[in-house]
Amino acid sequence: MAAPTGPSDRQLARERGESLLDQVAERFVGVPGVQAGRMFNGRGLSVDDSIFVFINREGRMVAKLPEPVAQARVAAGDADVVSMGTRTMREWVSFAQPTELDTWVAVARDAHRYVSALTP
């Protein structure tokens, strides 16, 4: 049996997620303090050096939201809990790739607003 020659499903999902994030980032052009770059081995957006969204290995967008909002999004089935090792990240949740880009744009705007308020 021949070895697989193309990219894995996971790699394709990550590439698609990063492409979608590039489109989300276009909505933040000119917003003071916002930068796009590599974060956690993937692409992400930060404001004043604080990350507010990034793409994980599975191609999902991970966003920092206020804990009650994050819990509500998980309870509604819109997002999944993010864990790092054995630790559940209370303010970080992940979102599947959307059928409509505006879904991720709205989440990114909420995350940006939240993280901007935390940054002195």
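We did not get these values from a lab; they are worked out from the coordinates using the rules stated. Treat the numbers as computed from the prediction; the structure is a model and nothing was measured. Methodologically, a virtual Cβ is constructed for each residue, glycine included, from the backbone with ideal geometry; neighbour enumeration extends over all protein chains shown.
Tell me what the chain gives for mean residue ellipticity at 222 nm when only DSSP H runs of n ≥ 4 count, each as -39,500 (n - 2.57), the sum divided by the residue total, rounded to 500 deg cm²/dmol.
On the way: 3 runs with 45 residues, N = 120.
Calculated from helices alone, the mean residue ellipticity at 222 nm is -12500 deg cm²/dmol.
Taking the Cα centre of the chain as the origin, how large is its charge dipole in debye, to the nearest 20, when only Lys and Arg (+1) and Asp and Glu (-1) carry charge on their Cβ atoms?
Working: 14 positive and 15 negative charges, 51 e Å.
In debye, rounded to 20, the chain gives about 240.
Please state the Cα pair-distance histogram of segment 10-118 with 10 angstrom bins from zero: what percent is in each bin?
Answer for segment 10-118: a P(r) of 15, 52, 30, 2 percent.
Expected output is a single nm value to one decimal: the length gained when fully extending between L118 and E100, i.e. 0.36 nm times separation in residues minus the C-alpha distance. What is it?
Working: separation 18, 0.36 × 18 = 6.48 nm, distance 2.86 nm.
Full-extension gain reported as 3.6 nm.
Which helices, taking whole DSSP H runs in the chain, have alpha carbons extending 24 angstrom or more along the helix axis plus mean Kyte-Doolittle at least -1.0?
Values: long enough: 9-26 (26 Å, -1.11); 101-118 (26 Å, 0.25).
Span-like helices here: 101-118.
Taking the Cα-to-Cβ direction at M84 and at R57 and moving 7 Å from each Cα, how far apart do the two end points lie in nm?
Going by the 7 Å Cα→Cβ label model, 1.5 nm.
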